[in-house]
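The values are calculated or read from the model by the stated rules, or taken from the named source; none is laboratory data. All values reported here derive from a predicted model rather than from experimental measurement. Every residue, glycine among them, receives a Cβ derived from its backbone with ideal geometry; neighbour counts consider all protein chains shown. We work out accessible area using only protein heavy atoms, side chains counted, and drop any ligands, DNA or RNA first. Shrake-Rupley method; radii C 1.70, N 1.55, O 1.52, S 1.80 Å.
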Amino acid sequence: MNQKTKKRLQEFTFVLPALIIFSIFVVYPFLQGFPISFTKWDGMSPVKKYVGLSNYIRIFQDANVLNAIKNTLIFTAVTMVFSNLFGLLFALMISKKSKVNNLLRTCIFVPYCLSLVLSSYIWRYVYSDVFFNVFGIPSPLGSRVWVMIGLSVISIWRDAGYCMVVYIAAIQGVSKDYYEAAELEGATSWQKFKAITFPMIAPAITANFTLLLAWGMKVFDYPMAATGGGPGRASETVAMLIYNNLFTYFKAGYGQAIAVVFTIAIFIVSTLVSKNLRAREVEI
């Protein structure tokens, strides 16, 4: 066995535990559920009626699916952009080591340590009891127009701290020699950020955007805990639609078909976005 092969095997052993867990809890259930998507089944009956591709055809004709996709895309776009934006701004402001900055980092990161459900309950209270009673602002969770923005704010509040930590690690990894050379040339703060900081932290930007994209597209906890998908179905996401079909409407076959299409869509979109961002890293 040559040195290169030996090194690859050693690297594979580090990935193996995660790969096993992923296969057991993600790949196996997906493959097991795939045949169910071709049936009409209530999830409990021992009899499954084969219906061919009718469940998949119905997906593209169902207005509720289009509504769920719209809600999911709004949530994903808003949280992906603003979680990264605030995370980067916080990182730039408090990346230098000091006691005050350490305290600020802790305060900003603490929301990420809370569960998604608890975060939803906290903000449901803030929206209904604080915003309305103190400022006279009605809760966005009760508005069909603003409900997805209201849910997005909860996610941004929680995830911006995570993005900040990743960006701080990337910024602190940039050699000070670059900044010293730029200062000698008379570069402004913006020029240093544009020419040095941004290109050097591009891999962190790619990682954060790809991760937030995946989290946003499969969002379930926030709308389930904060609104239950309401008002009406104004905050029902694709993940909630799958859950409702499987466990509320007892349409396991149809729900599984949506899940299959949705899983493939997440994989394709995440891969394309990641590849595109990594290609831009090289250009930068």
- Selection status of residue 229, under 22 Å from the mean Cα position of the chain (by Cα), buried (at least 16 other Cβ atoms within 10 Å of the Cβ) and not aliphatic (A, V, I, L, M): yes
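In this structure, does residue 92 turn out to be surrounded by 12 or more Cβ atoms within 10 Å (Cβ to Cβ), under 26 Å from the mean Cα position of the chain (by Cα), touching a residue at least 60 places away in the same chain (Cβ under 8 Å) and within 30 Å of residue 162 (Cβ to Cβ)?
On the way: surrounded by 12 or more Cβ atoms within 10 Å (Cβ to Cβ): yes; under 26 Å from the mean Cα position of the chain (by Cα): yes; touching a residue at least 60 places away in the same chain (Cβ under 8 Å): yes; within 30 Å of residue 162 (Cβ to Cβ): yes.
Criteria met by residue 92.
Of 219, 166, which residue is of a type outside the set (Asp, Glu), at negative phi and part of a helix (DSSP H, G or I)?
Criteria check complete, one pass: 166.
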- Item | Among residues of the stretch 252-269, those that are buried (at least 20 other Cβ atoms within 10 Å of the Cβ) and over 12 Å from residue 33 (Cα atoms), counted | 1
- Note on the structure: residue 198 fails exactly one of (1) outside any loop (DSSP other than H, G, I, E, B); (2) at pLDDT 90 or above; (3) surrounded by 14 or more Cβ atoms within 10 Å (Cβ to Cβ), namely (3)
- Query: Do we find that residue 83 is in contact with an Asp or Glu (Cβ under 6 Å, 6 or more places away or on another chain) and assigned to a helix (DSSP H, G or I) in this structure?
  - Reply: yes
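Select, from 117, 174, the only residue that is of a type outside the set (Asp, Glu) and not in a helix (DSSP H, G or I).
Numbers: 117 fails: not in a helix (DSSP H, G or I).
The conditions single out 174.
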- Note on the structure: Scanning the stretch 95-130 residue by residue, those of a type in the set (Phe, Trp, Tyr), open to solvent by less than 60 Å² (accessible area, probe 1.4 Å) and free of Cβ contacts under 8 Å to residues at least 40 places away in the same chain turn out to be 127
- Query: Within the stretch 18-37, is there a residue that is within 15 Å of residue 256 (Cβ to Cβ), open to solvent by 100 Å² or more (accessible area, probe 1.4 Å), not in a helix (DSSP H, G or I) and not hydroxyl-bearing (Ser, Thr, Tyr)?
  - Reply: no
